[in-house]
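The structure appears right after this line, and notes come after that.
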Amino acid sequence: MTHPLKVALVTGAGSGIGRAVALGLMADGFTVVLAGRRPEPLLELAELASVDGYKALPVPTDVRDPASVDALFATITDKYGRLDVVFNNAGVNAPAVPLDELTFEQWRTVIDTNLNGVFLCARGAFGLMRRQQPMGGRIINNGSISAHTPRPFSTAYTASKHAVLGLTKSLALDGREFNIACSQIDIGNALTEMSVRMTKGVRQANGSIAVEPMVDVQHVADAVRYIAALPLSANVLNMTVMATAMPFAGRG
């Protein structure tokens with residue numbers, strides 16, 4: 001029997017992919033918890049949602065901080081008592097420089113956000129999902145094309161996203177007995193505030209600079225919505241959504 005209240009959590013919800021996914025899940029009937037470091041865009045999105053009759057709860061959260069993530073899940077538990085879908089989307093990159101010019105602080109910021117943040121949010125969700133009634137839920141991780149193939153000078157980002165791929169597989173395995181499905185969506189060249197620089201040219205494997213094709217972020221949101229709408233008996237373990245002509249297959 002389906003629980004009448006459907007609750008989703010989106011991290012990095014204030015802009016870009018996270019914002020588009022949050023709006024899409026609201027349109028599909030989810031009450032969406034909006035997590036992100038900056039309160040202003042979360043509040044703005046929640047206000048926009050209420051005008052359209054949607055339900056959203058902004059919860060400023062730093063996914064790098066275990067105490068902040070614990071507080072997020074305490075809020076979700078207290079207010080709703082359950083969680084059906086998580087989209088682990090929050091992520092950052094480091095400057096595209098040779099490895100010896102990458103500082104440890106830059107490396108650690110990427111790992112703390114892109115890997116530790118996903119772990120902390122997945123851990124919180126896993127604990128809630130296996131104890132709630134009815135038991136189960138869905139965790140969707142934002143991987144990247146870089147979970148499979150690096151760009152030049154992307155050591156930290158590539159390492160973090162390769163690790164997310166392993167984390168996703170482990171969660172998919174460990175979630176079976178608790179009716180928890182885990183997916184990874186790998187996104188290539190979705191046009192957001194973060195990626196707009198690529199429309200002006202980005203370094204290629206041969207050292208040249210080239211403009212790359214981009215894809216509307218709405219297609220990514222629609223892909224996440226498709227996964228979120230599946231019954232827990234079905235899963236999309238991995239999905240790649242990318243600009244058709246971007247350099248990935250045969251990159252370099």
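A short reminder: the numbers here are calculations on the coordinates, not readings from a lab. Model, not experiment: these values are computed from the prediction. Positions of Cβ are generated from backbone atoms using ideal geometry, with glycine treated the same way; all protein chains shown enter the neighbour counts.
What the table shows:
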quantity	calculated
Residue of LYS169, LYS161, LYS79 that the Gaussian network model of the chain assigns the largest fluctuation, springs spanning Cα pairs under 10 Å	LYS79
Contact order normalised by residue count of the chain, Cα under 8 Å, 6+ apart, percent	18
Lysine pair number, Cα distance threshold 30 Å (strictly under), the chain, separation 8 or more or different chains	7
Shape metrics for the stretch 7-242, restricted to C-alpha atoms - Rg then Dmax, Å	17.2, 55
Helix-only mean residue ellipticity at 222 nm for the chain, each DSSP H run of n ≥ 4 adding -39500 (n - 2.57), per residue, nearest 500	-12000 deg cm²/dmol
Candidates THR11, THR75, THR103, ranked by Gaussian network fluctuation over the chain, Cα under 10 Å, top entry	THR103
Residues with amide H under 5 Å from that of VAL33, placed H, sequence gap 5 or more	ALA8, LEU9, VAL10, LEU57
Förster-model FRET efficiency, 51 Å R0, ILE209 and LEU5, C-beta, rounded to 0.05	0.55
The stretch 178-199-the stretch 68-137 distance, computed between alpha-carbon centres (Å)	15
Residue-count net charge about LEU232 - beta-carbon cut-off 13 Å; Lys, Arg +1, Asp, Glu -1	+2
P(r) histogram, all alpha-carbon pairs of the stretch 176-220 included - 10 Å bins from 0, percent	23, 37, 21, 12, 7
Residue among ALA181, ALA228, ALA71 with the largest mean-square fluctuation in a Gaussian network model of the chain, springs linking Cα atoms under 10 Å	ALA71
